[in-house]
Amino acid sequence: MSISLGASAAPLASPAHGVRLGPGLRRAGQVLVRAALGFVLVIAAATFLFLAVGPRFLGYQTSTMLTGSMAPLINPGDLVVSTKTETSTLKVGDIITYQIPVQDQRVETHRIASITRNGAGATIITTKGDANSGVDPWTAVISDSTVYTTTAVVPHLGDVIRTLRSPLVRAILVFAAPAILVTLLLVSIWRRPTGTPDTEAPAGLAGGGDAVDR
(Lines give C-alpha, C1' and ligand atoms only; values in the text may rest on other atoms or scores of the structure.)
Protein backbone atom coordinates (compact mmCIF):
# COMPACT_ATOMS: atom_id res chain seq x y z
CA MET A 1 0.00 0.00 0.00
CA SER A 2 1.34 3.39 -0.93
CA ILE A 3 0.43 6.64 0.79
CA SER A 4 1.47 9.77 -0.99
CA LEU A 5 1.85 12.96 1.02
CA GLY A 6 1.25 15.91 -1.24
CA ALA A 7 3.58 18.85 -1.22
CA SER A 8 0.65 21.02 -0.19
CA ALA A 9 0.20 19.23 3.13
CA ALA A 10 0.32 21.72 6.03
CA PRO A 11 3.39 21.37 8.24
CA LEU A 12 2.95 20.33 11.82
CA ALA A 13 2.38 23.30 14.06
CA SER A 14 5.07 23.78 16.63
CA PRO A 15 4.12 24.66 20.18
CA ALA A 16 3.69 28.33 20.82
CA HIS A 17 6.77 29.95 22.28
CA GLY A 18 7.58 33.46 23.45
CA VAL A 19 10.00 35.63 21.57
CA ARG A 20 13.47 34.07 21.73
CA LEU A 21 16.77 35.77 21.17
CA GLY A 22 19.14 34.21 18.70
CA PRO A 23 22.41 32.67 19.94
CA GLY A 24 24.37 35.70 18.73
CA LEU A 25 22.23 38.16 20.67
CA ARG A 26 22.33 35.99 23.78
CA ARG A 27 26.12 35.79 23.62
CA ALA A 28 26.37 39.55 23.08
CA GLY A 29 24.12 40.15 26.10
CA GLN A 30 26.23 37.83 28.24
CA VAL A 31 29.40 39.61 27.17
CA LEU A 32 27.90 43.00 28.02
CA VAL A 33 26.73 41.82 31.44
CA ARG A 34 30.13 40.33 32.25
CA ALA A 35 31.89 43.47 31.04
CA ALA A 36 29.63 45.66 33.20
CA LEU A 37 30.21 43.48 36.26
CA GLY A 38 33.94 43.47 35.60
CA PHE A 39 33.98 47.27 35.28
CA VAL A 40 32.06 47.69 38.56
CA LEU A 41 34.42 45.30 40.36
CA VAL A 42 37.50 47.10 39.02
CA ILE A 43 36.14 50.50 40.10
CA ALA A 44 35.21 49.14 43.54
CA ALA A 45 38.65 47.58 44.00
CA ALA A 46 40.43 50.76 42.86
CA THR A 47 38.32 52.90 45.21
CA PHE A 48 39.04 50.57 48.11
CA LEU A 49 42.77 50.66 47.42
CA PHE A 50 42.74 54.45 47.07
CA LEU A 51 40.77 55.13 50.26
CA ALA A 52 41.78 52.29 52.59
CA VAL A 53 45.15 50.95 51.50
CA GLY A 54 46.87 53.96 49.94
CA PRO A 55 46.84 56.21 53.03
CA ARG A 56 48.48 53.47 55.11
CA PHE A 57 51.36 52.83 52.73
CA LEU A 58 51.74 56.03 50.69
CA GLY A 59 51.32 58.56 53.49
CA TYR A 60 48.46 60.68 52.13
CA GLN A 61 45.07 61.31 53.68
CA THR A 62 41.63 62.02 52.24
CA SER A 63 38.82 64.20 53.53
CA THR A 64 35.46 65.36 52.23
CA MET A 65 34.75 69.09 51.88
CA LEU A 66 31.46 69.83 53.65
CA THR A 67 31.10 73.57 53.02
CA GLY A 68 31.62 76.04 50.19
CA SER A 69 34.24 78.11 52.02
CA MET A 70 36.92 77.14 49.48
CA ALA A 71 34.77 77.41 46.34
CA PRO A 72 35.23 77.42 43.45
CA LEU A 73 38.52 75.54 43.87
CA ILE A 74 37.06 73.02 46.32
CA ASN A 75 33.29 72.58 46.38
CA PRO A 76 31.04 70.77 48.86
CA GLY A 77 31.23 67.03 48.24
CA ASP A 78 34.70 67.14 46.68
CA LEU A 79 37.38 64.80 48.02
CA VAL A 80 40.58 66.52 49.17
CA VAL A 81 43.82 64.54 48.92
CA SER A 82 46.54 65.85 51.24
CA THR A 83 50.16 64.86 51.72
CA LYS A 84 52.63 65.59 54.51
CA THR A 85 54.72 68.73 54.09
CA GLU A 86 57.54 69.98 56.28
CA THR A 87 56.17 72.72 58.50
CA SER A 88 59.36 74.72 57.99
CA THR A 89 58.57 75.01 54.27
CA LEU A 90 55.02 76.35 54.66
CA LYS A 91 54.29 79.71 53.06
CA VAL A 92 51.38 82.08 52.57
CA GLY A 93 48.99 80.69 49.96
CA ASP A 94 49.42 77.00 50.82
CA ILE A 95 46.18 75.11 51.48
CA ILE A 96 46.43 73.03 54.63
CA THR A 97 44.17 70.54 56.39
CA TYR A 98 44.45 70.95 60.13
CA GLN A 99 42.50 70.79 63.37
CA ILE A 100 41.25 74.20 64.41
CA PRO A 101 42.12 75.27 68.00
CA VAL A 102 38.61 76.41 69.03
CA GLN A 103 35.05 75.12 69.45
CA ASP A 104 34.72 71.46 68.42
CA GLN A 105 38.29 71.36 67.06
CA ARG A 106 37.00 70.12 63.72
CA VAL A 107 39.28 69.48 60.79
CA GLU A 108 39.39 72.40 58.37
CA THR A 109 40.88 72.86 54.91
CA HIS A 110 41.76 76.53 54.31
CA ARG A 111 44.48 78.65 52.76
CA ILE A 112 47.26 80.19 54.87
CA ALA A 113 46.72 83.95 55.13
CA SER A 114 49.71 84.79 57.36
CA ILE A 115 52.58 82.91 58.93
CA THR A 116 55.17 83.66 61.61
CA ARG A 117 57.72 81.54 63.45
CA ASN A 118 58.81 82.06 67.02
CA GLY A 119 62.06 81.24 68.77
CA ALA A 120 60.63 78.05 70.28
CA GLY A 121 60.29 76.52 66.85
CA ALA A 122 56.50 76.82 66.61
CA THR A 123 54.79 78.05 63.45
CA ILE A 124 51.87 80.44 63.98
CA ILE A 125 49.36 80.83 61.18
CA THR A 126 46.04 82.38 60.29
CA THR A 127 43.89 80.91 57.56
CA LYS A 128 41.08 81.97 55.27
CA GLY A 129 38.60 80.27 52.98
CA ASP A 130 38.77 81.48 49.39
CA ALA A 131 35.03 82.22 49.40
CA ASN A 132 35.03 83.92 52.82
CA SER A 133 35.26 87.69 53.20
CA GLY A 134 37.66 87.63 56.16
CA VAL A 135 40.24 85.44 57.85
CA ASP A 136 39.24 82.75 60.31
CA PRO A 137 38.69 84.11 63.86
CA TRP A 138 41.48 82.10 65.44
CA THR A 139 45.23 81.68 65.36
CA ALA A 140 46.65 78.19 65.01
CA VAL A 141 49.99 77.13 66.45
CA ILE A 142 51.66 74.25 64.61
CA SER A 143 54.24 72.50 66.74
CA ASP A 144 54.52 69.31 64.67
CA SER A 145 57.31 68.97 62.15
CA THR A 146 54.87 68.17 59.34
CA VAL A 147 51.39 69.27 58.30
CA TYR A 148 49.01 68.07 55.59
CA THR A 149 48.76 70.29 52.51
CA THR A 150 46.36 69.86 49.61
CA THR A 151 47.79 67.91 46.69
CA ALA A 152 44.72 67.09 44.62
CA VAL A 153 40.95 67.52 44.55
CA VAL A 154 38.60 64.84 43.17
CA PRO A 155 35.22 66.40 42.32
CA HIS A 156 32.10 64.79 43.86
CA LEU A 157 33.91 61.68 45.12
CA GLY A 158 33.32 62.73 48.71
CA ASP A 159 29.56 62.68 48.12
CA VAL A 160 29.85 59.18 46.67
CA ILE A 161 31.76 57.98 49.73
CA ARG A 162 29.21 59.50 52.12
CA THR A 163 26.42 57.80 50.18
CA LEU A 164 28.18 54.44 50.32
CA ARG A 165 28.55 54.82 54.09
CA SER A 166 24.82 55.36 54.64
CA PRO A 167 23.05 52.47 56.46
CA LEU A 168 20.75 51.62 53.53
CA VAL A 169 23.49 51.47 50.90
CA ARG A 170 25.78 49.59 53.27
CA ALA A 171 23.06 46.96 53.83
CA ILE A 172 22.56 46.61 50.08
CA LEU A 173 26.29 46.16 49.50
CA VAL A 174 26.63 43.63 52.32
CA PHE A 175 23.57 41.50 51.57
CA ALA A 176 22.04 42.23 48.16
CA ALA A 177 25.21 42.45 46.06
CA PRO A 178 26.53 38.98 47.05
CA ALA A 179 23.06 37.51 46.49
CA ILE A 180 22.95 38.98 42.97
CA LEU A 181 26.42 37.65 42.16
CA VAL A 182 25.51 34.15 43.43
CA THR A 183 22.28 34.20 41.40
CA LEU A 184 24.13 35.19 38.21
CA LEU A 185 26.66 32.43 38.83
CA LEU A 186 23.93 29.79 39.30
CA VAL A 187 22.10 30.98 36.19
CA SER A 188 25.30 30.70 34.15
CA ILE A 189 25.82 27.14 35.45
CA TRP A 190 22.27 25.94 34.87
CA ARG A 191 21.76 27.74 31.57
CA ARG A 192 20.77 25.46 28.67
CA PRO A 193 23.65 25.06 26.17
CA THR A 194 23.46 27.58 23.37
CA GLY A 195 22.24 26.24 20.02
CA THR A 196 20.06 23.35 21.30
CA PRO A 197 16.98 23.13 19.01
CA ASP A 198 13.60 23.69 20.63
CA THR A 199 11.77 20.95 18.66
CA GLU A 200 12.66 18.20 16.24
CA ALA A 201 10.69 17.23 13.18
CA PRO A 202 9.09 13.73 13.39
CA ALA A 203 11.10 11.04 11.61
CA GLY A 204 10.00 10.47 8.06
CA LEU A 205 8.34 13.85 7.62
CA ALA A 206 11.43 15.91 7.06
CA GLY A 207 11.13 15.60 3.27
CA GLY A 208 7.57 16.96 3.03
CA GLY A 209 6.42 15.27 -0.28
CA ASP A 210 8.07 11.85 -0.08
CA ALA A 211 6.05 8.65 -0.47
CA VAL A 212 5.88 6.07 2.32
CA ASP A 213 5.68 2.46 1.14
CA ARG A 214 4.27 -0.29 3.32
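The values are calculated or read from the model by the stated rules, or taken from the named source; none is laboratory data. Please read all numbers here as calculations on a predicted model, not as lab measurements. With ligands, DNA and RNA removed, areas are computed over all heavy atoms of the protein, side chains included. Shrake-Rupley method; radii C 1.70, N 1.55, O 1.52, S 1.80 Å.
Accessible surface ranking for Ser166, Ser82, 1.4 angstrom probe, highest first: Ser166, Ser82. The largest accessible area among Phe57, Phe50 belongs to the first residue in Phe57, Phe50, and the rest follow in falling order (1.4 Å probe, all chains). Note on Arg162 and Thr83: the extension gain reaches 26.3 nm, defined as 0.36 nm multiplied by sequence separation minus the Cα-Cα distance. Based on every Cα atom in the stretch 21-100, Rg and the maximum pairwise Cα distance Dmax equal 20.7, 69 Å.
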